[in-house]
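Visitor: Sharing a structure below in structure tokens format, with a few things to ask.
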Amino acid sequence: RAVKANPRDVDALTQLATVQGWQKRYGRAIATWEKALKLAPRCGECRVGLARVLFWNGERAKALERLDQALSANAEDVDALILRGDVLAASGRVEEGRASYLKAKAIAPGAEGLGAKLERTIAEPLWRVDAGFVSDHYSRLRGVEYDAYGQFGRTFPGHGSAWFRFDHQKQFSMIDRTFSVGGAYRAAPRLLLLADYAVTPRNLVRSRYQ
């Protein structure tokens, strides 16, 4: 109603655009934010609001462009810095996203949700070594049984990982040594493909796909 009464009311336009974004009416929200920006070109809230809806709509490059404009006008715009971190992290540019979060933290240490965002953007170690050993003594007749392993792997940030593993197992009087290689590939944000291949010195081969 306020917008109909006065189509040049920037406050009313920002409120309408915000509601449209929450309702996932992204096309209308973008148009409303752009209209508000034409009326108030220096409105930092409008730039950030428009960038947020562009991000929600999957238009990350345009969202970053608007956020860079907002930060050029005000380098200490915490909302712009945090949203910029969100867009960069979602684009696979995690280190740049974390840098943006850290800038926001320096200005507003208590910003809501910022701590969790920083934790999620801690860089994964590129190389990793794991090892383990489990031993059990069941009885004099059965003796000591154990299971030991060593694994060496590398992470490819944003894509997946690969590893080499050696298992050494003793059960009853049998010893089994297994060498395996495997990998994980992130084909989509919610789709991780896993595969490994293993062989024993006795050429007993097994494979597993998930």
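The values are calculated or read from the model by the stated rules, or taken from the named source; none is laboratory data. A quick note: this is a predicted structure, and the numbers were derived from the prediction, not measured. No Cβ is skipped: glycine too gets one built from the backbone with ideal geometry, and neighbour counts run over all protein chains shown. Surface areas here come from the heavy atoms of the whole protein model, side chains and all, with no ligands, DNA or RNA. Shrake-Rupley method; radii C 1.70, N 1.55, O 1.52, S 1.80 Å.
Visitor: Which value, in Å² and to the nearest 10, is the accessible area of Thr32 when all protein chains are kept and the probe is 1.4 Å?
Guide: Solvent-accessible area, nearest 10 Å²: 20 Å².
Visitor: Under a crude label model (7 Å from the Cα following the beta-carbon direction), how far is Lys38 from Ser91 in nanometres?
Guide: The modelled label-to-label distance comes out at 2.7 nm.
Visitor: Can you give the angle from 0 to 90° between the axis of helix 44-56 and the longest principal axis of the chain, with both taken from C-alpha atoms, to the nearest 10?
Guide: Helix 44-56 sits at roughly 40 degrees to that axis.
Visitor: Next question, about the same structure. Identify, among Gln20, Gly115, Ala104, the residue whose Cα sits farthest towards the positive end of the charge dipole of the stretch 1-144, taking +1 on the Cβ of Lys and Arg and -1 on the Cβ of Asp and Glu, with the dipole about the Cα centre.
Guide: My answer, from the dipole projection, is Gln20.
Visitor: Over the chain, what is the relative contact order in whole percent, taking alpha-carbon pairs under 8 Å and six or more residues apart?
Guide: In percent, rounded to a whole number, it is 8.
Visitor: Quick one: pull the percent of accessible area on the stretch 53-167 belonging to carbon and sulfur, 1.4 Å probe, ligands and nucleic acids left out.
Guide: Solvent-exposed carbon and sulfur of the stretch 53-167 make up 53 percent of the total.
Visitor: Right, another one. Quick check: the angle from helix 94-107's long axis to the longest principal axis of the chain, C-alpha only, nearest 10 degrees?
Guide: 50
Visitor: Still on this structure: Ignoring ligands, DNA and RNA, what accessible area per residue does the stretch 65-210 give at 1.4 Å, in Å²?
Guide: 68
Visitor: Give the peptides 109-116, 15-22 in descending order of average Cβ contacts within 10 Å, highest first.
Guide: Per-residue mean Cβ counts within 10 Å order the peptides as 15-22, 109-116.
Visitor: Strictly greater than 21 Å: what percent of every Cα pair in the stretch 87-210 meets that?
Guide: 59
Visitor: Let me have the relative contact order for the stretch 93-210, percent, based on Cα pairs under 8 Å that are six or more residues apart.
Guide: 14
Visitor: Ranked from the most accessible area to the least, with a 1.4 Å probe and all protein chains present, what is the order of Glu95, Glu45?
Guide: I get Glu95, Glu45, largest accessible area first.
Visitor: Okay, moving on. Computed on alpha carbon atoms, what radius of gyration and Dmax characterise the chain, expressed in Å?
Guide: Spelled out, the Cα radius of gyration and Dmax of the chain are 26.9, 92 Å.
Visitor: OK, next. So if we plug the beta-carbon distance of Val134 and Arg25 into 1/(1 + (r/R0)^6) with R0 = 41 Å, what FRET efficiency do we get, rounded to 0.05?
Guide: It comes to 0.15.
Visitor: Which one of Phe152, Phe179, Phe133 has the biggest mean-square fluctuation once the chain is modelled by GNM with Cα springs under 10 Å?
Guide: In the Gaussian network model the winner is Phe133.
Visitor: Let me ask you something else. Roughly how tilted is helix 26-39, in degrees to the nearest 10 and between 0 and 90, from the longest Cα axis of the chain?
Guide: It works out to around 40 degrees.
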